[in-house]
Amino acid sequence: MTETQKTLLIVEDDQRFADTLAAEFRDLGYEVEWLDSLEAVEKSSLTRYHFAVVDLRLRQDSGLDVISSIKARSPDTSIVVLTGYGSIATAVRATKLGATAYLTKPVEAEQIERAFLGEGDDEEIPIPDQFQSLYRHEREYIEYVLAECDGNISQAARRLGLHRQSLQRKLRKYTPN
């Protein structure tokens, strides 16, 4: 690695997304390392990064813990948090932990790069203008858990602490007529 080369850490548990993002950033001139968990970040031999992209929800870890770990090892790292399920509370917490920006997927590499430098568009402001309704938050979380269970309603119901039929009723309620 040369002194002038920009280093980027991607912490993402979706390998296809991480591979795509890494390729885009390599094309932009970054040296990229991809890790998939908090444990991998803590065991990594490279301790200083210029930039980091962190997924908020990793399989068994929270991206918020990853932010803390990165900042402890490399305080000057500019961190962008990516999520498919944004909320005001997590955006505020991520920012307080040291994240530069909080972006909702899908997102382009150029948007992330602008966010690293604090040059994001107005629509990339990390905190939403309004509070998310409880109904919408519940629906998005149920959809997230269902996706994690590969569409298996019984497994998702167990993870959510619901009866299968109750989950099915909620899913029918969310389906537009």
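The values are calculated or read from the model by the stated rules, or taken from the named source; none is laboratory data. Keep in mind that this is a model prediction, so the values were computed, not measured. Positions of Cβ are generated from backbone atoms using ideal geometry, with glycine treated the same way; all protein chains shown enter the neighbour counts.
Do we find a residue being of a type in the set (Asp, Glu) and under 21 Å from THR104 (Cβ atoms) anywhere in the range 34-51? Yes, the range 34-51 contains at least one residue that is of a type in the set (Asp, Glu) and under 21 Å from THR104 (Cβ atoms). Do we find that PHE17 is under 21 Å from THR104 (Cα atoms) and either at pLDDT 90 or above or not assigned by TED's automatic domain parsing to the domain that holds LEU117 (or both) in this structure? Spelling it out, it is not the case that PHE17 is under 21 Å from THR104 (Cα atoms) and either at pLDDT 90 or above or not assigned by TED's automatic domain parsing to the domain that holds LEU117 (or both). Counting only strands (runs of 3 or more DSSP E) that sit wholly inside the range 1-94, those with at least 2 residues that are among the hydroxyl-bearing types (Ser, Thr, Tyr) are 78-83.
Can you confirm whether ARG48 is exposed (fewer than 15 other Cβ atoms within 10 Å of the Cβ) and either touching a strand residue (DSSP E or B) at 6+ places or on another chain (Cβ under 6 Å) or not assigned by TED's automatic domain parsing to the domain that holds ALA147 (or both)? Yes, satisfied. Pairs linking a residue in the range 69-86 that is not assigned by TED's automatic domain parsing to the domain that holds GLU42 to a residue that is among the small types (Gly, Ala, Ser) and at pLDDT 85 or above, with Cβ atoms under 7 Å and 6 or more positions apart or on different chains, do not occur. Within this structure, ASP129 passes the test of being at pLDDT below 85 and outside the structural domain of ASP36 (by TED's automatic domain parsing). Residue-level check: of (1) touching a Ser or Thr at 6+ places or on another chain (Cβ under 7 Å); (2) under 20 Å from GLY84 (Cβ atoms); (3) not β-branched (Val, Ile, Thr), GLU31 misses just (2). Can GLU143 be described as in the same structural domain as GLY63 (by TED's automatic domain parsing), in a helix (DSSP H, G or I) and modelled with pLDDT of 70 or more? So GLU143 fails the test. Looking only at residues of the range 146-177 that are at pLDDT 80 or above and polar (S, T, N, Q), we find that the one that is surrounded by the fewest Cβ atoms within 10 Å (Cβ to Cβ) is GLN165.
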